[in-house]
Structure formats: C-alpha cells, structure tokens
Amino acid sequence: MYNRRVMDVSDLRQRILRALDAARVDVASKRDEKDAAKAAYDAFLANVAVPLLLQAQAILKAERHAFSVHSPAGSARLVSDAHPDTFLEFVLDTSGDRPQVISRTSIARPKRVLVDERPLAAGKAVKDLGEQDVAALLVATIPRLVK
C-alpha cells in the first residue's frame, strides 16, 4: 500500500479556476483571430484574387479557352464554361488552429471529378497573401484545367 496524500481543496480550486480563465481567453483570442482573418480574406478577394482571376480569364480567352470568373460572397472561382465541374477556387478555412486560404481545384474527367485542396501559401497569414502567391498557383494549375 502506498502513502496517499489528498491535495488541499483550495489549491485544486485555484488551479481549476486558472485553467478555466485560460480557456476563456484562448476562445476569445481565437474568435478575434478568425474575425481579423475574415476581414483580411475579404480584402484579399477584392484586391488580389478576383483581379488576377479576371486577368487569367482574359489570357485564356485570348488562347480560345472559355472560362468565367464567379465571386459569390466568401469565395472566388475561375470556372470552365465547357465543364462547370472544372474550376479553381479560393475559400477561407477557419476550422483549423489558424485560419488559412485554401485553393480548391476540381477537374472533370470522364466518369469522375478529381478534387484537390491545399493551402494557398502554407504557414502564411491571410493578411500576408499577395499577387505572387496567387500568380504561382495560377501558373501551376491552369495547364491542368485546360487539358
């Protein structure tokens, strides 16, 4: 048998209360971070993503590839006019530890649709995303969209 010592109730209470306070602060901090990311994402869509998608659409049109740009609230998408299931889109993912912009590529093939999701720029805050990040993705993805 071992010697059992019971912790003082007031000490345990203080430890639990500190843990609860820390959890409240963490939840409030995450909420503030998500709100800031949402505002940065809206600016990213308006000032970077949609303008570059429109430029890509014009380039593709000049090369006889029919694509449209759709920008409903909360996303931006470059869609093939011939195959609506073929597109590149940007969405904000707030489900993880840190909010991030996800690029989703969907490519329609006979009898199946291939979907790939990945962070636009892994580890980069939403407010720090820029034209170079989007341009690199467009250069890498557009050839797969027009195959």
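The values are calculated or read from the model by the stated rules, or taken from the named source; none is laboratory data. The model shown is predicted, which means the values in this text are computed figures rather than measured ones. Here the Cβ is made from the backbone with ideal geometry for all residues, glycine too, and neighbour counts use every protein chain on show. Surface accessibility is based on the protein's heavy atoms, side chains included, excluding ligands, DNA and RNA. Shrake-Rupley method; radii C 1.70, N 1.55, O 1.52, S 1.80 Å.
Here V91 does not qualify as among the aliphatic types (A, V, I, L, M), under 19 Å from A122 (Cα atoms) and touching a residue at least 60 places away in the same chain (Cβ under 8 Å).
Pick from the range 17-42 the residues that are free of Cβ contacts under 8 Å to residues at least 24 places away in the same chain and small (G, A, S): which of them is least open to solvent (accessible area, probe 1.4 Å)? Here the residue is A28.
Is at least one residue of the range 53-65 outside any helix (DSSP H, G or I) and open to solvent by 70 Å² or more (accessible area, probe 1.4 Å)? Checking the range 53-65: at least one residue is outside any helix (DSSP H, G or I) and open to solvent by 70 Å² or more (accessible area, probe 1.4 Å).
Taking A49, is it free of Cβ contacts under 8 Å to residues at least 40 places away in the same chain, open to solvent by less than 80 Å² (accessible area, probe 1.4 Å) and either of a type in the set (A, V, I, L, M) or touching a Ser or Thr at 6+ places or on another chain (Cβ under 7 Å) (or both)?
Numbers: free of Cβ contacts under 8 Å to residues at least 40 places away in the same chain: no; open to solvent by less than 80 Å² (accessible area, probe 1.4 Å): yes; either of a type in the set (A, V, I, L, M) or touching a Ser or Thr at 6+ places or on another chain (Cβ under 7 Å) (or both): yes.
In short, no.
Scanning the range 113-147 for residues that are in contact with a helix residue (DSSP H, G or I) (Cβ under 8 Å, 6 or more places away or on another chain) and of a type in the set (K, R), we see that the one that is most open to solvent (accessible area, probe 1.4 Å) is K127. I'd like to know if the range 75-87 contains one or more residues that are touching a His at 6+ places or on another chain (Cβ under 7 Å), under 24 Å from A36 (Cα atoms) and in contact (Cβ under 8 Å) with a residue 24 or more places away in the chain. Yes, because at least one residue in the range 75-87 is touching a His at 6+ places or on another chain (Cβ under 7 Å), under 24 Å from A36 (Cα atoms) and in contact (Cβ under 8 Å) with a residue 24 or more places away in the chain.
Looking across the range 68-96, the residues that are more than 13 Å from L54 (Cα to Cα), of a type in the set (D, E) and out of contact with any Phe, Trp or Tyr (no Cβ under 7 Å at 6 or more places or on another chain) come down to D85, D93.
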